[in-house]
Amino acid sequence: MDLSNLTPAKGSIKKRKRIARGQGSGHGGTSTRGHKGQKSRSGYSRKRNFEGGQMPLQMRLPKRGFKNPNRVPYTGINLERLQAIADKYNLTTIDIDALIANGIVRKGDLVKILGGGEISAKLSISAHGCSETAKQKIEAQGGSINLV
């Protein structure tokens with residue numbers, strides 16, 4: 001046995017179906033497309049969700065709601081989470097850079113401070129937005145909120 005007499009295993013190589021190469025090929029005439037009809041024509045491609053001419057499901061269901069193009073997507077962080085972050089990393093000033101550095105938010109996210117939970121430390125917080133309840137709770141502890 002050497003390189004000159006190597007052959008593929010029997011049955012591993014199959015000849016390609018040569019369509020539209022005459023009747024002798026066995027795939028001439030209609031070229032394996034059957035007779036007439038939409039699917040036999042060149043350029044045919046069925047649309048997504050096509051149901052044979054029946055009204056498609058997404059058109060039978062009613063429209064609902066809308067997407068506001070002016071919506072500003074904020075990443076909300078509750079006060080209890082800020083307290084936990086301040087305790088864990090020994091922070092008195094929490095700004096967006098500190099949140100990004102510690103993996104709490106992603107770069108480019110807009111951060112909004114929400115009033116969920118309680119805060120016990122005097123914190124100086126910098127964020128893109130803040131709810132009224134969060135602002136009241138932070139200022140009640142002697143902290144400050146700075147909107148970027």
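The values are calculated or read from the model by the stated rules, or taken from the named source; none is laboratory data. The structure displayed is predicted, hence computed values, not measured ones. Note that we place each Cβ from the backbone using ideal geometry, even for glycine, and neighbour counts take in every protein chain shown.
Brief remarks follow.
- Given (1) assigned by TED's automatic domain parsing to the domain that holds Lys39; (2) within 25 Å of the chain's Cα centre (by Cα); (3) at positive phi; (4) of a type outside the set (D, E, K, R), index of the condition Gly52 fails: (2)
- Pairs where the first residue, in the stretch 73-88, is free of Cβ contacts under 8 Å to residues at least 24 places away in the same chain and in the same structural domain as Ser120 (by TED's automatic domain parsing) and the second is in a strand (DSSP E or B) and among the β-branched types (Val, Ile, Thr), C-beta under 9 Å, 6+ apart: Ile85/Ile77; Ile85/Ile94
- Residues within the stretch 26-41 that are surrounded by 10 or more Cβ atoms within 10 Å (Cβ to Cβ), in a loop (DSSP other than H, G, I, E, B), of a type in the set (Gly, Ala, Ser) and without any contact (Cβ under 8 Å) to a residue 12 or more places away in the chain, tallied: 3
Results for (1) of a type in the set (Lys, Arg); (2) surrounded by 10 or more Cβ atoms within 10 Å (Cβ to Cβ); (3) not in a loop (DSSP other than H, G, I, E, B), shown as yes or no for each residue.
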| residue | (1), (2), (3) |
| --- | --- |
| Gly24 | no, no, yes |
| Gly43 | no, no, no |
| Val72 | no, no, no |
| Arg81 | yes, yes, yes |
| Leu91 | no, yes, no |
| Ile100 | no, yes, yes |
| Gly108 | no, no, no |
